[in-house]
Amino acid sequence: MRIRTVKTKSGSFAIQVVSKHHGKLTVHKHIGSYRSEREKTRLIFEANLFIRDHDTIQQSLWQQEEEKESLRPTGVKITQSQPLFLYRLLSYTYDRLGLNVLGDEVVKDLIVARIYQPVSKRETVDVLADSFGKTYSLKTVYRHLKQATDHGLKEKFQTALINFAKESLHDNLQLVFYDVTTLAFDSQARKGLKDFGFSKDHRFQDVQIVIGLVINRDGFPLYFDVFNGHTFEGKTFLSVVEQVKTLLNTPHLIVVADAAMISRINIEELDKRDIGFIVGARLANLSNKLQTQISGEVSSVDLKTTTVTYLEHRLICQYSTSRAAKDRSDREKQIEKAKTIISSPSRISNRFRFVKAINGKYKVNVTLIEKAKLLEGIKGYLTNTDLTETEVIERYHDLWKIEKDFRITKSDLEARPIFLQLDKTITAHLIIVFTGLAISRFLETETGMSIRHILKVAQKVLTHKITILKTGEVGFVETTVEDQTLCGQLKKLRILGH
C-alpha cells in the first residue's frame, strides 16, 4: 500500500491509500480532501496509520528487518566485497588463449578491466584498485603499455590467437572472413591515422580510422590492422590478406568478404597469389545482356540459383522472395523520394538514386528503375573456388559473425569514440580492444551466453573480506548463490577453470 494525492472535481486535493497489482490500481481508502498544508499533514498521518493497521505485507517486511537485526553477527565485520570470481574468469581465459606470452600483469589487467568496465586509462586505474585490489599508478600503466607495444605486442597476441585457434579450437584456418569498420574520434583534427572519410557510424563530422578485422568461422578474431581514416575499404583487402596468409601458413587459403572488396585488380592479384575468395558481387555493374540472362534463369523462384561466368570466374546468383520484397519496398520509397525532390532542384545531390539530369533539367531515371526491377531479389557471389553453389552461399552468409564482432567491439568494449592523439597510443588502445574481443568471443562460444550476460552472472559472486573483531583474524568467503538457473550458468563458468 502507498499514499496517493489526486485532484478532485472541485479543485481541491484528496489523500488516498492505494496499491497496484499486475497493473490494476486499487483504492483501499479515501482519507479525505484538503485545501491547506495543515489539513494535508493531518490526512497523511491518518493514511499512515491506516497502512500500519491494514498492510500485512508491510508489517511482514518490518518483522523481517527486525529478525535480520537480531540475526546479524556482532563479532565480525565485512570490510570489503569485490568481484574476484569475475577477475579470475577473465584472467584465466587470457592465460588459456596464450596471451600471457608477454608475462606483463599490467597489460593483462588493462585488458580485463576493458572487458569488465571500459573507461579511460585514468579511470581504469581506479577500477582496478576498487574492484580487484590491483594498485597501479597512471604512469606505470602508460610505461608498461609503451614497452609492450615497442616489443611487438600486436604481433605476439595475433600469433598466440592463431596458434590457439589451430591447436585448441581445431581449426585448420583454411577459411577466414574479412571486413572493415570505422572508429570515430571525439575530434575534428586530422593527424597521422586520423582523417575524414566514409563513416560506417554516420559520424561524418569527426575524423576516424579504418579497422580491418579477420576472424575464423566461429567469429574468433585472428588479426586486425589499422588504416588512415580516408582509406577506401577495398584498398585494405590485398595487404591484409597477404599478411594473414603469411601468419596462418595456410597454402590453400579462402577469404570471404563483402562486395566492397571486389575489383578487377584485387581479383587478379588474388589469383596470382593462389588465394581463394568468395566475395559479394555488384550485379548492377554487369552488362544488360548478363543481367537479363540471370534474371531469366532464376525466374523469380525462391532460392533458385544459377551460375554464369564473370571476370573469368564463377558468379553464383540466387533469387530470394524475402529479399525481393525488401528490394521492392526500398525501390518504391526511392522513387517517391525522387519525384518529391525533383520539385526542389536546389536539394538534389548524388544521394538520390533515381534522379538524372537531362539538358540541365532533372527527371526520374526510368532506365535505372527498370534495371532495379530486373535484379530485384537476386544476390550474386563471385568465387574462384571449387566449392558447390550451396557451400559458397552458406560461407558468404557467415559474414554476419564479423558484424557481431564489430558490435561487441563498439558496444560492449566501447572502442569509440577515441580520445587519443598519437598513432602509437591509438594502436595500443586497439590492441587492448582486439584482445578483449578474443576473450569475449571465446567465452560466448564456450558458454552460449553473451559477454554482457556473462559479466552480469559472474558479478553475482562476490568475495567478501571478513574480520573477526575479537581476534583480528581475517578470512574470505564467496557469495552463496541459491537460484537454480543462476547456479547452472555459474557452473558453466566454473568449468572453464574455476
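What follows is calculated from the coordinates using simple rules that are stated; it is not laboratory data. Owing to the predicted nature of the structure, the values given are computational and were not obtained by experimental measurement. Cβ: placed from backbone, ideal geometry, glycine included. Neighbour counts: every protein chain shown.
Just a few scattered comments:
- Each other residue within a Cβ distance under 10 Å of Asp398 adds +1 if Lys or Arg and -1 if Asp or Glu, for a net charge of +1.
- The value of relative contact order for the chain, using C-alpha pairs under 8 Å at least six residues apart, is 16 percent.
- Partners of Lys304 within straight-line reach, counting lysines whose Cα lies under 26 Å from its Cα and excluding those fewer than 8 residues away in the same chain: Lys289, Lys326, Lys371, Lys373, Lys379, Lys401.
- For segment 77-121 versus segment 206-262, the gap between their alpha-carbon centres in whole angstrom: 28
- Beyond 28 Å in Cα-Cα separation lie the following of the pairs Lys134/Lys245; Lys156/Lys245; Lys134/Lys200: Lys134/Lys245; Lys134/Lys200.
- Cβ charges +1 (Lys, Arg) and -1 (Asp, Glu), total dipole of the chain, debye: 2160
- Length gained on full extension, Val308 to Lys235: 23.6 nm, using 0.36 nm per residue less the C-alpha separation.
- Filter on Lys194/Lys337; Lys108/Lys492; Lys9/Lys40; Lys166/Lys491 - keep pairs with C-alpha separation over 25 Å: Lys194/Lys337; Lys166/Lys491
- Its residue count N fixes a reference of 2.2 N^0.38 Å for segment 172-300, and the Cα radius of gyration divided by that reference is 1.23.
- Degrees, to the nearest 10: 484-495 long Cα axis against longest axis of the chain: 60
- Taking Cβ atoms as reference points and 12 Å as the exclusive limit, the residues near Ile111 contribute a net charge of -2, counting Lys and Arg as +1 and Asp and Glu as -1.
- Beta bridges assigned by DSSP with both partners in the chain are antiparallel in approximately 90 percent of cases.
- In the chain, the calculated helix contribution to ellipticity at 222 nm averages -14500 deg cm²/dmol per residue, counting -39,500 (n - 2.57) for every DSSP H run with n ≥ 4.
- In Hz, Karplus ³J(HN,Hα) per residue of segment 354-368 (6.51, -1.76, 1.60; θ = phi - 60°; x = Gly, Pro): 9, 10, 9, 9, 10, 6, x, 10, 9, 9, 6, 7, 5, 4, 5
- Extension gain, Thr159-Arg35: 0.36 nm per intervening residue step, less the Cα-Cα distance, totals 36.9 nm.
- Applying 0.36 nm per residue to the separation of Glu268 and Gln421 and subtracting their alpha-carbon distance, the gain on full extension is 51.3 nm.
- 0 to 90° range, to nearest 10: angle between helix 105-116 axis and the chain longest Cα axis: 80
- Distance histogram for the chain (every C-alpha pair counted, 10 angstrom bins, percent rounded to whole numbers): 3, 14, 19, 18, 15, 14, 10, 6, 1, 0
- Within straight-line reach of Lys29, meaning a Cα separation under 14 Å, sit the following aspartates and glutamates at least 8 residues removed in sequence or on another chain: Glu46, Asp53, Asp55.
- Taking the longest Cα principal axis of the chain as reference, the axis of helix 233-248 is set at about 80 degrees.
- Compactness of segment 433-498 as Cα Rg over 2.2 N^0.38 Å, two decimals: 1.44
- Here the relative contact order of segment 169-223, from alpha carbon pairs under 8 Å that lie six or more residues apart, stands at 39 percent.
- Once the convex hull of all Cα atoms in segment 378-440 is built, its volume per residue stands at 151 Å³.
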